[in-house]
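Where a number appears in this text, it was derived from the coordinates with a stated rule and is not lab data. Only a predicted model underlies this, so the values are computations on that prediction, with no experimental measurement involved. So basically every Cβ, Gly included, is an ideal-geometry build from the backbone, and we count neighbours across all protein chains shown.
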Amino acid sequence: MLLWLAALLSAILLHRHGDWFQTRTTLICLGLAFGGAAGNLLDILRRRCVIDFIHFHRWPVFNLADIAIFAGLAAALWRRY
């Protein structure tokens with residue numbers, strides 16, 4: 001939970017500092033990432049663990065919230081460069 005709060009604070013500071021966080025596309029991407037993080041946080045608060053259910057052999061197990069976090073951050077950073 002502390003890590004989630006640190007990520008939230010970092011994003012708020014970067015949002016206020018950087019002009020590139022002001023575009024609509026970047027804000028949607030960050031919303032996707034924070035939505036995924038909120039989903040994982042909700043799992044932790046309700047079930048005391050995150051349930052990962054997507055498993056490919058030779059790849060870590062993950063869930064849809066993890067996909068949203070990764071895709072949102074990757075798209076926001078890709079939009080930057």
note = Over all Cα pairs of the range 30-75, the Kirkwood radius sets Rh, and Rg/Rh then becomes 1.01
task = Could you work out the local net charge near PRO60, counting Lys and Arg as +1, Asp and Glu as -1, over the other residues with Cβ closer than 12 Å to its Cβ?
result = -1
remark   = For ARG46 and LEU77, extending 7 Å from Cα along the Cα-Cβ vector and measuring point to point gives, in nm, a value of 3.0 nm
request  = Please find the FRET efficiency linking ILE28 to ILE54, where r is the Cβ-Cβ separation and R0 is fixed at 30 Å, and quote it to the nearest 0.05.
outcome  = 0.80
